[in-house]
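The values are calculated or read from the model by the stated rules, or taken from the named source; none is laboratory data. For clarity, every value in this text was computed on a predicted model and none was experimentally measured. Using ideal geometry, Cβ is built from the backbone for each residue, glycine included, and neighbour counts are taken over all protein chains shown.
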Amino acid sequence: MGEEEPDYTFMRSGLELSQTGGISESQSALNVASLVATFTENALKESSKYVEHANRNVITKEDIKLCLMTENFKFFDRENIEDDIQKWKDIIDEEESESSSEEDYIEELTEDPFHYSECECDMCVNIKNIEGIWCNWVPNEGIESILKNVIDTQI
């Protein structure tokens, strides 16, 4: 189709140091953690918007799963993906250097039950249609296959 293959070099595993320019195991872990954090942040932001469009008050497990599926097809095409991943690297580095015993307070809300948004904007239509696309999608080996497996089996 003439599409360029995505450049995943910033995600080197670090398993073969001689072939990866000497990337350490800790750097590799930071790269993976930053990638996952960026991916998840994007999906959660979209989940939040979707819940608003559905006139519900809480993001549900179903919202998150649908938006993780949707993000899988958008992630590497995002304009500032490398900047976003770097932002998370900086955050993780900063948090690792701080020792914090803060406890987050989570307010208990009465959760609206999940239902699909009736909105017909592009985002909502894409999210409503993602399950059919997802079921028929055969990922490439590597990160796509790993993400599909995790979303299918863990969420």
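General observations
- With respect to the conditions (1) crowded, with 17+ Cβ neighbours inside 10 Å; (2) modelled with pLDDT of 95 or more; (3) of a type outside the set (Val, Ile, Thr), ASN72 falls short on a single one, namely (2).
- Out of ALA54, ALA43, sole residue that is modelled with pLDDT of 95 or more, among the aliphatic types (A, V, I, L, M), surrounded by 12 or more Cβ atoms within 10 Å (Cβ to Cβ) and over 23 Å from ILE143 (Cα atoms): ALA54
- Pairs where the first residue, in segment 78-100, is among the basic types (Lys, Arg) and the second is surrounded by 15 or more Cβ atoms within 10 Å (Cβ to Cβ), C-beta under 6 Å, 6+ apart: LYS89/LEU30; LYS89/SER34
- Condition met for ILE127 (surrounded by 13 or more Cβ atoms within 10 Å (Cβ to Cβ), over 30 Å from GLN27 (Cβ atoms) and of a type in the set (A, V, I, L, M)): yes
- In segment 103-155, the residues that are in contact (Cβ under 8 Å) with a residue 24 or more places away in the chain, small (Gly, Ala, Ser) and under 12 Å from LEU66 (Cβ atoms): SER117
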